[in-house]
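Q: Quick one: the structure is below, and I'll ask about it shortly.
The values are calculated or read from the model by the stated rules, or taken from the named source; none is laboratory data. Keep in mind it's a predicted model, so treat the numbers as computed, not measured. All Cβ positions, glycine included, derive from the backbone under ideal geometry; neighbour counts span all protein chains shown. For accessibility, only protein heavy atoms count, side chains too; no ligands or nucleic acids. Shrake-Rupley method; radii C 1.70, N 1.55, O 1.52, S 1.80 Å.
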Amino acid sequence: MHISVVIPVRDDAELLTRCLAALREQTRQADEVIVVDNASSDASAAIAASAGARVVFCPEVGIPAAAAAGYDAATGDLILRLDADCVPPSTWVEDAGAWFSRSPRCVAATGGARFIDGPRALRWTALIYLGAYAVATGSALGHRPLFGSNMAMRTDAWHAVREHVHRHDAETHDDLDLSFHLGSIGRIGRMAGQRMGISMRPLWPGRDFGRRMRRGTRTVRLHWPEDFPPYRWRRLRARG
């Protein structure tokens with residue numbers, strides 16, 4: 001199985017360096033690492049290139065556009081996604097490939113995470129953070145959501161939905177939007193393996209956590225009335 005890793009980045013050179021270093025230490029190397037430079041003003045693109053990553057430039061600012069550009073560029077059978085501030089465990093790529101080999105009915109999957117910065121006494125709250133996200137979105141989706149800092153999907157599944165995602169809307173919650181589309185064509189599973197190291201900075205004061213919540217609510221409503229929960233649940237049950 002040919003595996004591509006996609007990392008959208010905007011002005012995050014220092015943390016991207018750490019992320020790429022962790023990817024070089026994988027027990028199973030990715031066949032390609034794609035860094036999407038989303039109109040950065042820092043050295044993100046140069047750092048990615050010097051680390052051997054393939055750099056894709058996306059001048060349209062916004063995570064949905066940047067992530068979609070990376071998925072479009074991927075040549076692998078499987079696309080893994082994480083963010084520049086993530087530190088993947090050493091078996092991340094290997095575990096993802098093995099999980100999809102054992103799970104032929106799944107088109108996508110998501111994995112767990114742990115905070116690796118911020119106050120040590122609060123790092124356990126990653127479980128609450130992800131749990132709240134899953135509960136808040138699960139009722140709208142009818143299945144588990146994808147978590148962009150630790151997710152994977154089959155490339156042919158992306159090709160099936162890429163014309164339908166809201167890639168040109170910067171106020172869309174791209175993980176959730178993709179969950180709606182991929183969940184409509186197949187199963188979304190949970191990958192086994194160690195949890196992804198993620199930053200607590202989305203919860204820091206001034207990082208506008210409220211905007212993330214508004215984007216999530218807006219994304220759910222973008223899919224109504226077709227994906228209004230009772231209608232969506234009925235379709236999913238009929239699919240089996």
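Q: List the residues, sorted by chain then number, that are 5 or more residues from V6 or on another chain and whose placed amide H is less than 5 Å from its amide H.
A: I34, L80, R81, L82
Q: Looking at segment 144-240, which GluC sites (Glu not before Pro) are DSSP coil and have at most 12 other C-beta atoms within 10 Å of their C-beta?
A: Details: sites: E163, E171, E226; in loops: E163, E171, E226.
Here the GluC sites (Glu not before Pro) that fit, given the DSSP loop and packing criteria, are E163, E226.
Q: Right, here's the next one. Accessible area of F115, 1.4 Å probe, to the nearest 10 Å²?
A: Number for this one is 10 Å².
Q: Given a 10 angstrom Cα cut-off, can you work out which residue in L20, L222, L203 is the most mobile in a GNM of the chain?
A: So, out of L20, L222, L203, the one fluctuating most is L203.
Q: Given 37 °C and 0.692 mPa s, compute D for the chain with the Stokes-Einstein relation, Rh being the Kirkwood radius over Cα pairs; round to the nearest whole µm²/s.
A: Working: Rh = 18.0 Å.
It comes out at roughly 182 µm²/s.
Q: Taking every alpha carbon pair in segment 55-106, what does the distance histogram look like in 10 angstrom bins from 0, in percent?
A: For segment 55-106, the pair-distance distribution reads 19, 43, 32, 6.
Q: Now for a separate question. Just report the Cα centroid separation between segment 73-117 and segment 131-147, whole Å.
A: 18
Q: Would you mind pulling out the separation of the Cα centroids of segment 169-197 and segment 40-69, in Å?
A: 21
Q: Set the Förster radius R0 to 51 Å, insert the Cβ-Cβ distance between R237 and D42 as r into 1/(1 + (r/R0)^6), and round the FRET efficiency to 0.05.
A: It comes out at approximately 0.60.
Q: Something else now. How big is the accessible area of D31 in square angstrom, nearest 10, if you roll a 1.4 angstrom probe over the protein chains?
A: Taking all protein chains as shown, D31 has close to 80 Å².
Q: Keeping all protein chains in place, calculate the accessible area per residue for segment 1-144 (probe 1.4 angstrom), answer in Å².
A: Details: 6090 Å² over 144 residues.
Result: 42 Å² per residue.
Q: Out of R215, R195, R105, any idea which swings most in a Gaussian network model of the chain, alpha carbons joined below 10 Å?
A: In the Gaussian network model the winner is R105.
Q: Which percent of the accessible area of segment 1-142 is formed by carbon and sulfur heavy atoms (probe 1.4 angstrom)?
A: Looking at segment 1-142 in its full context, I get 58 percent from C and S.
Q: State in Å² the accessible area per residue of segment 149-240; use a 1.4 Å probe, count heavy atoms of protein chains only, and round to the nearest integer.
A: 55
Q: In a Debye calculation with equal point scatterers on the alpha-carbon sites of segment 118-240 and no solvent, what is log10 I(q)/I(0) at q = 0.16 Å⁻¹?
A: Those come out to -0.86, one per q.
Q: Please list log₁₀ I(q)/I(0) at q = 0.11, 0.22 Å⁻¹ for segment 46-165, using the Debye equation with identical point scatterers on the alpha-carbon positions.
A: With one equal scatterer per Cα and no solvent, log10 I(q)/I(0) is -0.45, -1.53.
Q: Whenever you get a sec, compute what percent of the accessible area on segment 155-240 sits on carbon and sulfur atoms (1.4 Å probe).
A: Summing carbon and sulfur atoms, their accessible area is 53 percent of the total for segment 155-240.
Q: Rounded to the nearest 10 degrees, what's the angle between the helix 174-185 long axis and the longest principal axis of the chain, both from Cα atoms, 0 to 90?
A: 50
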